1. Quote the charge dipole size of the stretch A:126-265 about the Cα centre in Debye, to the nearest 20; the model charges only the Cβ of Lys and Arg (+1) and of Asp and Glu (-1).
2. Show me, for the stretch A:185-196, the HN-Hα J-couplings you get by feeding each phi into the Karplus relation (A = 6.51, B = -1.76, C = 1.60, θ = phi - 60°), rounded to Hz, glycine and proline as x.
3. How large is the convex hull of the Cα atoms of chain A per residue, expressed in Å³ as a whole number?
4. Placing +1 at every Lys and Arg Cβ and -1 at every Asp and Glu Cβ, with all other atoms neutral, what dipole size does the protein assembly as shown have around its Cα centre, in debye to the nearest 20?
5. For chain A, give me the percentage of DSSP beta bridges that are antiparallel, rounded to the nearest 5 percent.
6. What number comes out for the charge environment of B:Trp64, summing +1 per Lys or Arg and -1 per Asp or Glu over other residues with Cβ under 12 Å away?
7. Does the stretch B:105-150 come out rounded, prolate or oblate by the C-alpha gyration tensor, with a ≥ b ≥ c the root eigenvalues, rounded set by a/c under 1.5 and, if not, prolate when a/b is larger than b/c and oblate if not?
8. Tell me the accessible surface of B:Ser299 in square angstrom (1.4 angstrom probe, heavy atoms of protein chains only), to the nearest ten.
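The values are calculated or read from the model by the stated rules, or taken from the named source; none is laboratory data. Computed from a predicted structure; not experimentally measured. Here the Cβ positions follow ideal geometry from the backbone for every residue, glycine too, while neighbour counts run over all protein chains shown. Note: accessible area is taken over every heavy atom of the protein model, side chains too, but ligands, DNA and RNA are not part of it. Shrake-Rupley method; radii C 1.70, N 1.55, O 1.52, S 1.80 Å.
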Number of protein chains: 2
Amino acid sequence: MRCRTCGSKAVINMPQHRLALCKVHYLEWLPAQTQRDIAKYHMFDNSDRILVAVSGGKDSLALWDILWQLGYQTEGLYIDLGIDDGTTYSRRSGEYAQAFAGQRSLKLITVNVGKEYSETLTQMAARTLRGREKPCSVCGLVKRHILNRVSVENGYTALATAHNLDDEAAILLANTLDWSLEHLSRGQPVLPSGPGFTRKVKPFCRVYERESAAYSVLRGIAFMPDECPHSTGSKQLYFKTYLNEWEESMPGTKLRFYNNYLKALDSGAFPARQQAPEDLAKQRCPNCGQPTTSGGLCSFCVLINKS
Amino acid sequence: MRCRTCGSKAVINMPQHRLALCKVHYLEWLPAQTQRDIAKYHMFDNSDRILVAVSGGKDSLALWDILWQLGYQTEGLYIDLGIDDGTTYSRRSGEYAQAFAGQRSLKLITVNVGKEYSETLTQMAARTLRGREKPCSVCGLVKRHILNRVSVENGYTALATAHNLDDEAAILLANTLDWSLEHLSRGQPVLPSGPGFTRKVKPFCRVYERESAAYSVLRGIAFMPDECPHSTGSKQLYFKTYLNEWEESMPGTKLRFYNNYLKALDSGAFPARQQAPEDLAKQRCPNCGQPTTSGGLCSFCVLINKS
């Protein structure tokens, strides 16, 4: 297999793109692809102050590296969830994030969940029924709250997460099997800002997991190699397995599924179900002040209030 | 496992309905379920003359048997596709259909594709690129044309096919992975009649394949046990395998997927993409006179004209 650009030995073959590349040209290609999607979906430009959600894993460090290389103004946020019982998962993940930021003199904000909210994610998950059944659901709630809080408090104009195509396709498949119109109507790679909300963007939405992993390895980025111990048996991992099988027998399946979904959204397939941001803004959580649909305490404050 | 109705030994357990039944009560339950969906989706009533598409397999004979038991006015149509090379598939299928109709003194119309159109389905599939790649696609085209022709010519007011839940869910999954809006906007169990079109209904749309199979076996209906030799490797069979795996680990998956899709359709997802029947009617195929979207010859006439 030869690099399409220079003809030297390829290090990666991407049947989904009918493309093989050598190390040098792969490390140019992925940033260029990412930039193309940033522009295509109007995610942000050079005037934006971007907060990158960093877990210490391959995807988020590859994303931060690429945004930094592309010259965007970025700072990182590491949420220390305190998932450390017997695994030191969070401690080691944070070390990878800090080492990455230190090497590039980038600013990394850290929020320690255990210290700020008197309970680690592991403890919150163990205490609640929802957490025992679906720890990823509680973790998502906690991370969304903190990401939005930190980005609003510090005046960032965009909040970038490293959700990759495999993540997006798996979530989409799960939402489709449920025909969850609320979720299906808001699966775009950009969710606009609103009062109390920072714009959310997913620059890796069309990057295969294997592509971001290859990028991190080839760039020599040291990243946390372990999966979160809570994620075993999660719905998302379950559906990823199937999408991987389909991708294997029909290369490009994930990309077509996601691309065609975005086209369907654009052509009005799912009339918006969620409240418009301006309606949301009228309801604020009396405890934390973040927008909420509930009228009373937001889901995060219900969770941490232990009531 | 005990029958929920009478407590005697159950012959079938349906985790998706949390229901186990004995033979007597199962043979009452499935017709009642079918009647419930016929009413729920306003498929037809006692004044309708219903043409049942009969293949000789377990689903279509179970459907015809149930509609006959429920007292509806039904006649059957068997399309002899001439899939007989080395298998006598069509010949034997026809014999099952005729035996069924004969035992109940029901009228069965037979259309012999080889005689009426000078070519069997096997020959059409072998002659065309589309047929060599996707014989099921060509077969579907031929059957849809003939079913509509016979039902219009003979003044039937409804055309019933025995598509079961497994069929509908597999087609839905394939159409969803493509986000094919034209198909997704018309997946209802009833497609209304229009000029040149008979109303199409699917009374088994929420009946699991295993339920219709169990019904045929328990009722002592003799049916064609073989799968069509052309269907090996079809997309529909491919996706059925996955849906079966999901159903196994999450009972009710197929039913929720299909039910929630119908709810999504009802609440405005997929605004109709296809032309309205009255627009279609303005365009008729100059050869066969059936409605067509193409403006020129319909797809069926293009196929049989060998041009």
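1. Working: 19 positive and 14 negative charges, 102 e Å.
Once rounded to the nearest 20, the dipole reads 480 debye.
2. Values, residue by residue: 7, 9, x, 5, x, 10, 10, x, 6, x, x, x Hz.
3. On the way: hull volume 43.7 nm³, N = 307.
Expressed per residue, the convex hull around the Cα atoms of chain A is 142 Å³.
4. For this selection, approximately 220 debye.
5. Working: 8 of 24 bridges.
DSSP beta bridges in chain A are roughly 35 percent antiparallel.
6. Once all neighbours under 12 Å are counted, the net charge is +1.
7. Working: a/c = 2.76, a/b = 1.95, b/c = 1.42.
The shape class here is prolate.
8. 70 Å²
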